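The values are calculated or read from the model by the stated rules, or taken from the named source; none is laboratory data. Here the structure is a predicted model, which means the values were calculated and not measured. Every residue, glycine as well, gets a Cβ built from its backbone with ideal geometry; the counts of neighbours run over all protein chains shown.
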Amino acid sequence: MIRFPTSLFTRPALFIYAGIGITLATTGVTVASLYEMRLDAMAQARVAAQNLVISLQKEIERNLDIYQLAMRDVATSAETPSIIRLPPEVRQLVAFSSAANAAELGALFATDATGKLILDSRSIPPRKLSVSGRDYFQIQRLQSNAGLYISAPFLPYAEEPEIPQIALSRRLEDKDGQFAGIVAGTLRLSYFRHLFEDSILGRHDTITLLRMDGTVLMRQPFHVGDIGKSLAGGHSFEPLVRSGQGTYIDIAVLDHVERLYTFRRIGSYPLVVVVGFATDDIFAGWRKRAITIGIVSVILDALLILLLLMFSRQLRKRLAMERRLQRLAWFDSLTGLPNRVQLQREALRMLTEAKRTGTTLAVLFIDLDRFKRVNDTQGHSAGDEVLREIARRLQDQIHTGDVIGRLGGDEFLAVLRECDVLKAKHVAGRILQAVFQPILINSKQDTRITISASIGIALSPLDGEETDILLRNADLAMYRAKSAGRNQMQFYAPEYERQAKEQLELEIALQRALRANALSVAYQPKVDATGVLCGVEALVRWDDDRQGSIAPDRFIAIAEESGLIAEMDAWVMGEACRQLAQWRAEGLDVPNVSVNVCAADFKRPDYPDFVIATLQFHGLAAADLTLEMTERVLFDESVADIRKSLDAIHALGVALSIDDFGTGYSSLSYLHRFAVKELKIDKSFVQGIGRDAMAESLTQTLVRLGKILKLTVTAEGVETHAQRDFLRTHGCHLYQGFLFSPPLAPHDFARWVRALPAACPTSFSPSRPSPQANPAKGVRFATNCAEKAVDP
C-alpha cells in the first residue's frame, strides 16, 4: 500500500500542485499510450497481413510445386522414346502417375511442334485440340530460354461461359535442341478464388494475385472485370516486383482505397500474392478507444478525485506488464508450459525436497516420434498446433504438485514427486496413450494426424541425485525407447550409458580403422540361373583387434550417423577397382564389380569426377563398375543435387542399380526419371518363396516390372534350389546368395572363379534370354559352388 505524507493533506497548495503534477504526468502517459496503441494497431494489422500472405504463399507454392512435378513427369514421358512406344493405357499411366495430386487444379497435356495434343490427362487418346494460337505456346516456340511460363488469363475452348484460366508451360526439345512442342497444364483461376474466399477479411480488405508484369489473375472481392487488368501503372508496382516480399501503404489503383499492403513472391514462380487491409478498418477500433480515453482523461483532469484511480490503473498496468515479462522469462511462449530454465529450477526444488523427506522422484523425458514429418508435410503452423495440443494432453496427465514443461523443439520433461517405478510406469503409459490419439489440424477438411512418443524414465536417488545426471540418464533411456521401435517407454539402466560410451568408442575406432586402412572387402558373386559368373558385389568388412569381427549393419549405421560413410564408400570403391584390376592381371575373367553408395556421395559436386578418376587410375572402363544405392537415396531432401550427379555418372557409362528394391519408397516415377539399369530384389522377398504366397506374388511382380522397363533383375539372398527355380521360371536374370557362394575374401573368390567353366558377357541385356544351359547341370554346378564357397 502507498502511504502519502500527512503534510500533503494539511497543505492544500501542495496537494493541488501534486494533483496538477499527477494530472500532467497522467496526461502525458495517456497521450503516449494512445500513440503506442495506434502503433500496436498498425503492427497487429501488419502481423496479421504477413501471416495471411505467408499462409497463402505457402499453399499456392505447394500446389504449384505439385503441379510442376506432375508436368515434369509428362515432359519425361513425352521426351522418352521407350515410353512413347508403350501402349496408350500404359503410357497414360506412366505420364500422369503424379497427376492425381493435381487433378483439382486443372488438366495436363503435351503437344507436338504444331500445337496438337499428344498426351492428355483428360482423354485416351488425346483430345483433338490445337493450342498453337495460345500465347504460352508461342512464347515457348519463339524463346528457347523461356523456362516455366505462366500465361495471361484466357477463356477455355468449351462453349459454356467459365471463369478464365491460366496455363503453366515448359518447352520440349528434340535431341538436337530444336522446338518439339510444349508440356503444359491449365490452372483454374477458380482455385485461387476459393482459396481467397476461405480467408477471413474485413469489408474493405483485398487479396490479389499478380503476374510479375502487373496482370491481375485473381482478386478478392471477386469481380470478373478485374481479371486481366494491369496494375503496372501504380507507383508502388516497381518496388513490388523488385523485392521478394515487403509491406507498404498505398492507395489502390482499382478502387482508390488506402490500404496497408503486404506482398510475397511465390517461390521461384513469376507470381506475387498481395494482401491489403484498409487503414480505416485498421484504426476503427483504435479511434473508438481513443475517443473514450480522451473523454475519460478530460473528466479526470476536471475531477481531481479521480487522480488516484488513474494512478492505480497505471500501477495495475505496470504490474501486469511485469507479470507478462516474468511469464516470458520462465514459460514457453508456444505451449504455455514451463521452459527449460523454469524446469531446472522446479526440478532442483523438488529434488531437494525429495532428499529431505527421503522419497523417490521420477524424471520422464518425452520426445515426439518423427515430428519433423509433420512440419515437412503439413507446414510449421500445423506443427505448432500439434505441439500445443500435445502440451494440453500432457498437462492433463500430470497431478497437482508435479511439473511438466517443454525443453525445446518436440522434447518435453515431466518431474513427478513421490513416484516409484509402478507410478512412473503408469503415468508414462497414460501419456503414451494420450499422445497417440488423433489430432485435428484442419476442421474444415477434417484433417487429422496421429503421432507417437518415446519416453525415457530415470528415478532418484537410484539413477542419480543431481538434476543434470537425471536428465542425461532419462535422455539415454528415451533413445533406447526410440531404437526399440518408438511409441514406448524405457527405464534407465546403467548399461545404456555403457552402450553409449561403446558407441562413441566404436566410432573413434572406425575413424582409426579408416585412417589405417584396417577395413577389408569381401566379394559375393552375381551369377545367372546356371551358376555362371556375371559380376561381383564388393562388401565392406571390419575385424577390430580388440572387438573382433563387427557386423556391417552396426558399423555402417555408425558411419552414417557420424558422417564417415562417404569416406568409407570412397575407400571401398578404390579397393574394389584395384582388386578387379589385379584379378584381370592374373587372368581371371571377372565381368564387373558392384559397389554400394549412399546419398552423401552423390551430394558431392565432384563425385562423378572422382568415379571416373578411380576407374582410370586402375585402368578400368566405366562398364566395369556398377553403383548400388537404396531407394531412399532418390527421395533425399537434396534430390536435385543427387539427380545431377546421377545423370553425370550415367553419361560416363557407369551403371546404376537400385538395391533392396521393394522395401522402401518404391515408386514407378523415379524408375523412368533416373538412369537405372538394374533392380535388386531384397532378400526378405526371396526368402519367403515357398512359404509365403504374398512374398511370391510380390517377387513375381518385381521381376515382371523389371522386364517391362527393360532392366536387369537380380535376386539377393538365394539360398535354396526352390527359390532359384521359382525366380528362373518367372524370368529373373541374376542371382546372389549362399546357394552359389557367400561373400569371400579376394584369394578365396579367385579360387572360386577358377573353378567356373566360363564367364558370362560383361554387358548383360535383360531383353536377351540367359545362356541356354542344361538345367540339371546348372543346378549341380550351383550346388557344388555353394559347397566350395562355404568351405574354400
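Structure above, values below:
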| read-out | value |
| --- | --- |
| Any hit, the range 250-267, residues being without any contact (Cβ under 8 Å) to a residue 60 or more places away in the chain, assigned by TED's automatic domain parsing to the domain that holds Ile200 and among the polar types (S, T, N, Q) | no |
| Residue in the range 434-444 that is among the hydroxyl-bearing types (Ser, Thr, Tyr), assigned by TED's automatic domain parsing to the domain that holds Gln344 and free of Cβ contacts under 8 Å to residues at least 12 places away in the same chain present | yes |
| Among (1) closer than 25 Å to Ala43 by Cβ; (2) surrounded by fewer than 18 Cβ atoms within 10 Å (Cβ to Cβ), the one test that Gly228 misses | (1) |
| Residue pairs meeting the criteria (Cβ under 7 Å; at least 6 apart or on separate chains; first part of a strand (DSSP E or B) and hydroxyl-bearing (Ser, Thr, Tyr), in the range 116-130; second at pLDDT 85 or above and surrounded by 14 or more Cβ atoms within 10 Å (Cβ to Cβ)) | Ser130/Gly115; Ser130/Lys116 |
| Qualifying residue in the range 326-344 (condition: hydrophobic (A, V, I, L, M, F, W, C), touching a residue at least 24 places away in the same chain (Cβ under 8 Å) and under 30 Å from Gln57 (Cβ atoms)) | yes |
| The one condition in (1) farther than 23 Å from Pro591 by Cβ; (2) modelled with pLDDT of 75 or more; (3) of a type in the set (Gly, Ala, Ser) that Gly706 fails to fulfil | (1) |
| Considering residues of the range 720-750 that are part of a strand (DSSP E or B) and under 37 Å from the mean Cα position of the chain (by Cα) only, the residue farthest from Asp692 (Cα to Cα) | Leu734 |
| Sole exception among (1) farther than 20 Å from Arg211 by Cβ; (2) small (Gly, Ala, Ser); (3) surrounded by 14 or more Cβ atoms within 10 Å (Cβ to Cβ) for Ala146, by number | (1) |
| One residue from Ile451, Ile457 being in a loop (DSSP other than H, G, I, E, B), surrounded by 15 or more Cβ atoms within 10 Å (Cβ to Cβ) and not hydroxyl-bearing (Ser, Thr, Tyr) | Ile451 |
| Members of the range 178-213 found to be under 18 Å from Thr262 (Cα atoms), crowded, with 17+ Cβ neighbours inside 10 Å and in contact (Cβ under 8 Å) with a residue 24 or more places away in the chain, listed by number | Phe192, Leu195, Phe196, His204, Asp205, Thr206, Ile207, Thr208, Leu209, Leu210, Arg211 |
| Count of the range 211-233 residues which are out of contact with any strand residue (DSSP E or B) (no Cβ under 8 Å at 6 or more places or on another chain) and closer than 14 Å to Gln165 by Cβ | 1 |
| Matching entry among Asp420, Asp446 (being modelled with pLDDT under 90, among the acidic types (Asp, Glu) and at negative phi) | Asp420 |
| Subset of the range 338-396 (residues that are on the phi > 0 side of the Ramachandran plot and among the charged types (D, E, K, R)) | Arg370 |
| Search result, residues across the range 688-719 that are within 22 Å of Leu739 (Cβ to Cβ), touching a strand residue (DSSP E or B) at 6+ places or on another chain (Cβ under 8 Å) and not in a helix (DSSP H, G or I) | Thr712, Val713, Thr714, Ala715, Glu716, Gly717, Val718, Glu719 |
| Residue within the range 364-381 that is assigned to a helix (DSSP H, G or I), surrounded by fewer than 18 Cβ atoms within 10 Å (Cβ to Cβ), touching a residue at least 40 places away in the same chain (Cβ under 8 Å) and under 23 Å from the mean Cα position of the chain (by Cα) present | yes |
| Selection count, the range 713-740, where residues are among the hydroxyl-bearing types (Ser, Thr, Tyr) and surrounded by fewer than 24 Cβ atoms within 10 Å (Cβ to Cβ) | 2 |
| Failed condition for Arg356, given (1) over 15 Å from Thr447 (Cβ atoms); (2) touching a residue at least 40 places away in the same chain (Cβ under 8 Å); (3) not hydroxyl-bearing (Ser, Thr, Tyr) | (2) |
| Qualifying position, being at pLDDT 90 or above, surrounded by fewer than 22 Cβ atoms within 10 Å (Cβ to Cβ) and under 27 Å from Ile558 (Cα atoms), among Glu411, Glu497, Glu505 | Glu411 |
| Residue in the range 575-585 that is in contact with a Leu (Cβ under 8 Å, 6 or more places away or on another chain), closer than 26 Å to Asp682 by Cβ, touching a residue at least 60 places away in the same chain (Cβ under 8 Å) and surrounded by 16 or more Cβ atoms within 10 Å (Cβ to Cβ) present | no |
